[in-house]
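The values are calculated or read from the model by the stated rules, or taken from the named source; none is laboratory data. Note that the structure is predicted; figures quoted are calculated from it, not measured. FYI the Cβ positions are ideal-geometry reconstructions off the backbone, even for glycines, and counts take in every protein chain you see. Please note that ligands, DNA and RNA were not included when accessible areas were found on the heavy atoms of the full protein model with its side chains. Shrake-Rupley method; radii C 1.70, N 1.55, O 1.52, S 1.80 Å.
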Amino acid sequence: MLEEYPIRVPKIQRDYAQGRKNDAANDIRSKFVHDLVTAISPTGAETELDFVYGSYRKGAFEPLDGQQRLTTLFLIHWICGVDLYDSEKKQALLSYETRNTSTDFCLELVKHSPEPFIAEIARSVSGKKDMVDKAEAKLNALKSIDIKDRPDDFGKQYQQAKQELAAAKEYPVKSFSSMIQNRDWFNYLWKFDPTVQSMLVMLDAVYEEMHSRELTPEACRENLGRVTFSDLDLGSFNLSDELFIKMNARGKQLSSFDIIKSTLEEEIQVQKKEGHCTTETEALWRSLVDGEWIDWFWNQFASDKIGAITENEDEYKERLNYAKTAEEFLKRLILRIITLRLVRVNGLNDILMDYCYRDNIENLDRLLIVYNDALRADRSKDLTPDAKLEIDFPAVISDMKSLYYKDRKGTYKDLFSLIPMEFSINSSEVELTLLHLALSDKFNNDCKIIFYALLKYLKLRPAVIENGIPNPEWVDDFSEWAHFCRNLFINENNNVRIDDTTNFMTAVGGVDKLIEKLRQFITESPIFSTIAFIRSLGSQTITGVDNQSLAEEVEKAALKLSDSGEWRSAINNAEAHRYLWGQIRCLLNWAGGNRLLFEDYFMRLSELLNYRDKNLVYAGILSVEPGYGFENNKMYLFSNKHRDYGYKRFLRDEGLKGKGGVYAPAIKKTLDTWRDSYSALSFEEFLKSSISSAKASGHSYVNCILEKPNILNDAWDKMVFPSDGHFVIAQRKTPSSHCYDIALDYLFYTYEDNDVLSSNLEFYDSVSQTHKHAILIPYGTNRLLIKATPNGGYDLIVNDTPDKSFTNEKEMLDYVLNTYPVS
């Protein structure tokens with residue numbers, strides 16, 4: 001086209017929009033650029049861009065429809081080194097009548113070669129890579145130093161190295177847009193031209209796509225002819241300018257949902273040609289997407305919030321956003337159903353497999369691009385791909401239809417909403433159903449496995465709906481299955497996190513094994529109940545399932561079936577506690593099959609977990625069991641979500657059992673002491689009485705905490721470590737963080753804000769430069785420096801003169817507090 005006529009975008013056309021920075025434009029640009037670069041890559045194939053309508057006037061082609069595509073092609077040709085400057089007429093081969101600034105920019109751009117820009121970007125990328133490599137090497141070198149060999153300022157060096165790595169990763173690299181705007185020929189006013197700004201964004205997008213695929217402009221230039229379109233000269237039909245303008249009226253921009261829907265319909269068309277999809281499936285797919293499915297999501301996420309549209313523009317926009325949200329959520333569910341099917345296919349393209357596994361919102365939006373790339377090699381050679389590597393549309397339809405039902409009012413509702421809140425996955429947001437989680441930007445692996453398990457159940461035992469009402473017995477069984485799967489697979493309940501592809505696929509296999517056992521149980525059992533099925537699993541070991549959790553579920557099922565419902569009520573009540581949330585093996589272990597004792601333990605454990613002053617709870621446990629926390633370094637956090645350092649771990653860890661196989665022996669001993677020796681007291685009264693009795697034994701590291709529980713505020717993760725004969729608390733999770741000698745910390749809290757001090761205390765922790773583990777107390781006219789020494793001892797230095805040495809913390813504290821009393 002350009003060999004015959006230049007392109008001139010007429011005034012009636014809008015600005016160039018494919019480079020705009022908004023979600024819709026980003027989606028369109030990402031796919032369009034990807035397809036174009038794929039076509040011009042050495043292994044690409046011809047791509048057709050449909051018709052470009054316009055008229056040849058005054059020595060130029062004026063596009064009616066197609067100016068966006070033509071402008072993008074113009075920019076791609078420039079990056080690939082094609083000469084787009086008419087030296088005789090001194091004009092660019094593409095210009096905009098819309099704004100003079102747009103034409104001026106195009107003219108100036110084509111006067112310059114892209115090669116210097118590409119070279120600068122390459123140097124910038126290489127420089128950043130060197131910075132990141134050096135920073136990572138420095139950090140790894142520090143990590144490799146054995147703890148005993150680490151220098152005194154290791155903590156400072158480590159933090160500095162982490163900051164350097166973070167800064168290196170955030171260091172900006174040069175881009176076409178940044179460099180062009182910094183050239184002296186770039187007119188400042190061009191920054192306010194939307195077409196120019198869109199062009200700059202598009203230049204960056206094209207180059208990034210080429211660079212990510214290691215394609216050179218030279219290699220792509222040879223294949224530019226693969227991108228074709230058909231031009232239609234409306235002038236040859238004597239069509240009027242009035243019609244020209246009417247045809248150019250702006251239409252509705254395609255949404256992200258529209259794009260995905262269209263792409264999936266195109267895939268169905270391709271599969272029909274291959275013989276992998278039928279006309280019936282195509283018709284059903286279209287009717288469901290535009291019918292039942294969008295109605296379901298409209299009713300669930302939009303209709304109640306929209307109401308009647310008013311003349312108020314802001315209210316109209318708000319209602320429009322709700323409608324777009326419903327479409328976006330439907331798109332996400334369809335794509336996640338697709339990923340759950342593809343991720344289980346053997347022989348799937350590695351890149352596509354990774355996108356299916358890591359289906360965050362960014363990957364989800366590019367999923368079909370990567371999917372088409374994976375099949376492109378075969379399809380471009382007119383070969384038919386293996387059907388198992390393609391989207392199985394009948395299966396996706398079946399999966400989607402199994403998730404909802406129509407109520408008596410004809411409204412579509414999802415089945416997950418039938419599950420009681422106390423069985424939900426998120427203990428802090430119980431109102432979030434599994435459907436809500438499946439529609440979020442990031443679908444966590446454990447939630448995805450549970451979703452998969454429920455989907456498989458629904459395929460095996462579809463919902464029983466009678467006159468628009470779900471059958472209560474079916475709902476109860478489905479809810480118990482959801483409850484069971486949550487307890488088995490939620491990350492907080494697992495000894496091994498489902499946090500990589502291998503663990504994820506192993507967990508998928510575990511679900512498949514459970515479903516197969518469920519299928520067999522249904523076949524062999526005349527009367528079905530989910531609880532009976534769980535009990536039937538007995539002492540089986542199933543790969544892909546946390547078998548300690550499975551054993552607990554089997555034990556609970558047996559208890560639930562042992563009476564008329566008292567055990568079931570007691571267990572469900574205990575499991576709903578936000579710190580336990582489905583895992584109560586400690587209570588079962590302590591109660592030994594006695595339901596009344598089980599309920600008593602739960603009542604007392606709830607008091608402990610719910611008590612507001614957590615430091616006082618730690619002190620109370622220490623008063624009963626002085627070894628708590630000191631024996632295994634952990635006092636544990638009051639957190640259900642912190643799998644490794646939370647109370648949930650302590651209450652369920654097989655490796656932390658005491659004599660006789662008792663879970664969390666320190667907690668059981670504390671609750672037993674309260675019941676057996678302080679039964680008339682409230683929990684708070686019991687804590688204070690027990691602590692008061694224990695303090696009578698005199699000073700020790702434990703008693704320091706009993707007297708000053710706020711010491712534990714300095715231990716963010718409640719970690720305690722032995723250190724050279726002393727005990728210290730760590731600010732973080734390891735001894736390499738800031739650590740505080742407990743006895744010296746006790747002195748700090750004792751003397752802090754006291755009238756006997758002539759100035760402020762000075763405290764030195766494990767990474768201090770002046771002293772390691774010391775405290776300076778300005779006591780009247782004296783300056784007391786107390787330093788920890790090896791093998792558990794301490795030195796007292798008064799006014800820079802050595803005064804006393806002590807063999808342990810008790811000797812030191814007895815002497816200092818008696819000799820220099822607190823007023």
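Annotations
- By DSSP, the beta bridges lying fully in the stretch 636-771 are antiparallel in about 90 percent of cases.
- The fraction of accessible area contributed by carbon and sulfur in the stretch 494-648 is 48 percent, rounded to a whole number (1.4 Å probe; ligands and nucleic acids excluded).
- Contour excess over end-to-end distance, with Cα ends at residue 573 and residue 724 and 0.36 nm allotted per residue: 49.7 nm
- Modelled FRET efficiency - R0 22 Å, residue 428 with residue 479, Cβ distances, 0.05 increments: 0.60
- Projected label distance in nm at residue 166 and residue 266, using a 7 Å step from Cα toward the beta-carbon: 4.2
- Spin-label pair residue 1/residue 695, simplified geometry with 7 Å Cα→Cβ offset, distance in nm: 8.6
- DSSP-defined antiparallel bridges as percent of all bridges, the chain, nearest 5: 80
- Accessible area per residue for the chain, computed on protein heavy atoms with a 1.4 Å probe, is 47 Å².
- 19 Å cut-off, amide nitrogen to a point 7 angstrom out along residue 542 Cα→Cβ, residues in the stretch 488-504: 488-499, 503-504
- The label-point distance for residue 564 and residue 346, in a model that sets each label 7 Å from Cα toward Cβ, rounds to 5.4 nm.
- Two-site FRET efficiency, residue 90 against residue 228, from Cβ-Cβ distance with R₀ of 41 Å, rounded to 0.05: 0.85
- In loop segments of the stretch 1-77 as defined by DSSP, the trypsin sites (Lys or Arg not before Pro) with at most 12 further C-beta atoms inside 10 Å of their C-beta are 11, 21, 58.
- Here is the result for the stretch 510-547: no trypsin sites (Lys or Arg not before Pro) lie in DSSP coil with at most 14 other C-beta atoms within 10 angstrom of their C-beta.
- When you restrict to C-alpha pairs under 8 Å that are six or more residues apart and normalise by the size of the chain, the relative contact order lands at 8 percent.
- Available extension along the chain between residue 421 and residue 280 is 46.8 nm, counting 0.36 nm per residue and deducting the alpha carbon span.
- Descending semi-axes in Å of the stretch 494-584, equivalent ellipsoid built from Cα gyration tensor: 24, 20, 9
- Alpha-carbon spread of the stretch 725-823, three principal axes, descending order, Å: 38, 27, 22
- Pairwise Cα inverse-distance average, inverted: Kirkwood Rh of the stretch 573-625 (Å): 11.9
- Scattering from the stretch 67-135 was approximated by placing one identical point on each alpha carbon and applying the Debye formula without solvent; log10 I(q)/I(0) at 0.17, 0.27 1/Å stands at -0.69, -1.19.
- Here the 3J(HN,Hα) profile of the stretch 673-683, calculated from phi with Karplus coefficients 6.51, -1.76 and 1.60 at θ = phi - 60°, is 4, 4, 5, 7, 10, 9, 4, 7, 9, 5, 4 Hz, Gly and Pro shown as x.
- 3J(HN,Hα) along the stretch 68-81: 5, 5, 5, 5, 5, 5, 4, 5, 5, 4, 5, 4, 7, x Hz, from the Karplus curve 6.51 cos²θ - 1.76 cosθ + 1.60 with θ = phi - 60°, whole Hz, x for Gly and Pro.
- Here the stretch 167-218 exposes an accessible surface that is 52 percent carbon and sulfur, computed with a 1.4 Å probe and the other protein chains kept in place.
- Per-residue 3J(HN,Hα) values for the stretch 457-471, derived from phi via the Karplus relation 6.51 cos²θ - 1.76 cosθ + 1.60 with θ = phi - 60°, read 5, 5, 6, 7, 10, x, 4, 9, 10, 10, 6, x, 10, x, 4 Hz in sequence order (x marks Gly and Pro).
- Whichever lysines have a C-alpha closer than 21 Å to that of residue 324, once near sequence neighbours (fewer than 8 apart) are set aside: 21, 31, 252, 261, 305, 413, 442
- Answer label, with percent of Cα pairs over 48 Å apart calculated from the coordinates and candidates (1) 34; (2) 43; (3) 26: (2)
- Residue 417 accessible area, 1.4 Å probe, all protein chains in place, Å² to nearest 10: 60
- Cα-based reach from residue 134 at 16 Å (exclusive), listing aspartates and glutamates while leaving out same-chain residues under 8 positions away: 164, 170
- Amide H contacts of residue 767 (H built 1.01 Å from N, under 5 Å, at least 5 apart or other chain): 739
- The stretch 648-712 - Kirkwood radius from inverse mean 1/r over Cα pairs (Å): 13.4
- Those residues of the stretch 704-742 whose amide nitrogen sits under 20 Å from the label point placed on residue 791, 7 Å along Cα→Cβ: 722-728
- Helical contribution to [θ] at 222 nm, DSSP H n ≥ 4, -39,500 (n - 2.57), averaged over the chain, rounded to 500: -16000 deg cm²/dmol
- Rg in Å to one decimal, and Dmax rounded to a whole Å, for the stretch 119-222 via C-alpha atoms: 20.0, 62
- Sites residue 732 and residue 762 - FRET efficiency at Förster radius 22 Å, r taken between beta-carbons, to 0.05: 0.45
- Under 5 Å, built H, 5+ apart or other chain: amide partners of residue 91: 86
- Restricting the GluC sites (Glu not before Pro) of the stretch 335-436 to loop positions (DSSP other than H, G, I, E, B) with no more than 10 neighbouring Cβ atoms within 10 Å leaves 431.
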